[in-house]
1. Please indicate, with yes or no, whether at least one residue in the range 61-74 is among the hydrophobic types (A, V, I, L, M, F, W, C), without any contact (Cβ under 8 Å) to a residue 40 or more places away in the chain and surrounded by 24 or more Cβ atoms within 10 Å (Cβ to Cβ).
2. Counting just the residues of the range 339-397 that are aromatic (Phe, Trp, Tyr) and part of a loop (DSSP other than H, G, I, E, B), which one comes out surrounded by the most Cβ atoms within 10 Å (Cβ to Cβ)?
3. Taking interchain pairs and intrachain pairs at least six residues apart, which have beta carbon atoms under 7 angstrom, with the first residue in the range 150-168 and farther than 30 Å from Thr118 by Cα and the second in a loop (DSSP other than H, G, I, E, B) and not aromatic (Phe, Trp, Tyr)?
4. For the range 295-308, state whether one or more residues are modelled with pLDDT of 95 or more and basic (Lys, Arg).
5. Taking the range 32-44, which residues are surrounded by 15 or more Cβ atoms within 10 Å (Cβ to Cβ) and more than 20 Å from the chain's Cα centre (by Cα)?
6. Can you give me the number of residues within the range 38-83 that are assigned to a helix (DSSP H, G or I), farther than 30 Å from Met366 by Cβ and charged (D, E, K, R)?
7. Considering each of Ser381, Ser392 in turn, give the residue that is without any contact (Cβ under 8 Å) to a residue 12 or more places away in the chain and under 25 Å from Leu236 (Cα atoms).
8. Quick test for you: out of Thr289, Thr248, Thr299, pick the one residue that is of a type in the set (Ser, Thr, Tyr), within 16 Å of the chain's Cα centre (by Cα) and within 23 Å of Met366 (Cβ to Cβ).
Amino acid sequence: MEGSKSARTIAPEPAELVVRARALIPVLARRSLEQKQRRGILPETIAEMQAAGFFRVLQPRRWGGYEMNLGTFYDIEIALGEGDMSSGWTYGVLGVVSWFLGVMDDRAAQEVWGHDTTTLICSSTMPAGKATAVDGGFRLAGYWRYASGCEHCGWALLGGMVHVGNTPPDWCFFLVPRRDYQTVDTWQVAGLQGTGSIDVILDDVFVPAYRTQRLRDNFLLRGAGQALNTSSLYRLPFGQIFVRGVSTAGIGALQAMLAALIDFSRDRVSRAGGRSAENPFVQLLCAETAAAIDEMRTTLHRNFATLHDYARRSETPPLELRLQHKFQSSAVIERCTLLASRIFKSTGAAGLSDELPFGRILADLMAARQHISNQYDYYGSNWGAAMFGLESKDFLL
């Protein structure tokens, strides 16, 4: 199927998609422990996301997508994360790559979606691979960790360094089909078990040039796919979209933890302090958490509204703004984790029960905190250094 009228679908209203996502919250909450034990997203969870149209939100229209505002995409992720953080995380990571194909040469999209526009693409974008330029493309080899949702995907987007002579290596992204790579399940971890973030191995595989994209071109908002995918959506910085994919589910997870605390504390009587609902420290914690959630959501929507405005004007957002936005993305998991740890402590020994969600959500947030894009201290330092006129050390912006 060509990327033409035959591939187009009628898009629902953005608000309807968020309603669909919120309807899945209780389903995902019931499934959360099972997905943790399975160490991967259940096929029925992916099928329900597909049926609801969630993976089409950022997909190009010419390939059956909706090309919607990023605010809608992240509102869906927040809702899914409220049901189960692993599900929200996996949606955020896989959905972002559907956007990325809109920037790449359209021949790549034809290979991925030409016969099935629901095909998903996993990713591991750190430059763990080594690529050598050859006639018509590259020979790529490497071992990549943490490809979330990989078992449900037909393709993978992988990072690697291109080596040409004595010139400095060039960080690029390579799109490869499932037949070209092997997977290894090493996902024995303390949190986010349900993401199924297994490993990918390539051994000297040819990747045509049209299935590659340079990190520097992403930074400069350039891509061959923009010639056909003319929406301003595809003139946004990939770095800004990607990092929010691995932090935004935390907002939903913290919302779930707050709701659980209120429900848990309503009738609880603590040996240490009487009725929890009348404990001023618990009351203050609820207020602080609700305020933080509101602030993080407001910042998320404001930042992407600003980036969308730059894209509509065909302007490049300034570096200082991009540094600020990336720091604010990394701060989400930092704030969520600190508040979640206080909530967990407030539940006392009773909160240790596997029948309650507190420990599981805190473990998921702690795991998310380890991701390189959620390193609050590093990105804050980088932004602060720029305020002194020092050069940025980060180009995934």
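The values are calculated or read from the model by the stated rules, or taken from the named source; none is laboratory data. Just so we're clear, the structure is a prediction, and the values are computed from it rather than from any experiment. Cβ coordinates were reconstructed from backbone atoms using ideal geometry, including for glycine residues, and neighbour counts include every protein chain displayed.
1. Of the residues in the range 61-74, the ones among the hydrophobic types (A, V, I, L, M, F, W, C) are 63, 68, 70, 73.
Filter again for without any contact (Cβ under 8 Å) to a residue 40 or more places away in the chain, leaving 73.
Narrowing the set further to residues that are surrounded by 24 or more Cβ atoms within 10 Å (Cβ to Cβ) leaves 73.
Yes.
2. Our first condition is that a residue be aromatic (Phe, Trp, Tyr); within the range 339-397, this holds for 344, 358, 376, 378-379, 383, 388, 395.
So of that shortlist, the ones also part of a loop (DSSP other than H, G, I, E, B) come out as 388, 395.
On the way: Phe388: 6, Phe395: 14.
Step by step, filter the range 339-397, then rank; the result is Phe395.
3. Pairs that qualify, where the first residue is farther than 30 Å from Thr118 by Cα and the partner is in a loop (DSSP other than H, G, I, E, B) and not aromatic (Phe, Trp, Tyr), are Val162/Pro169; His163/Pro169.
4. First, pick out the residues of the range 295-308 that are modelled with pLDDT of 95 or more: 295-308.
Of the ones still in play, those that are also basic (Lys, Arg) are 297, 302.
Yes, that holds for at least one residue.
5. Taking the range 32-44 and keeping what is surrounded by 15 or more Cβ atoms within 10 Å (Cβ to Cβ), we get 32-33, 35-36, 39-42.
The answer is Leu33, and nothing else.
6. Residues of the range 38-83 assigned to a helix (DSSP H, G or I): 38, 43-52, 54-56, 61-63, 70-83.
With the extra rule that they be farther than 30 Å from Met366 by Cβ, the set shrinks to 51, 56, 61-63.
After this cut, where a residue has to be charged (D, E, K, R) as well, the list is 56, 61-62.
Looking only at that region, the number is 3.
7. Working: Ser392 fails: without any contact (Cβ under 8 Å) to a residue 12 or more places away in the chain.
Residue meeting the stated conditions: Ser381.
8. Values: Thr289 fails: within 16 Å of the chain's Cα centre (by Cα); Thr299 fails: within 16 Å of the chain's Cα centre (by Cα).
So the residue among Thr289, Thr248, Thr299 that is of a type in the set (Ser, Thr, Tyr), within 16 Å of the chain's Cα centre (by Cα) and within 23 Å of Met366 (Cβ to Cβ) is Thr248.
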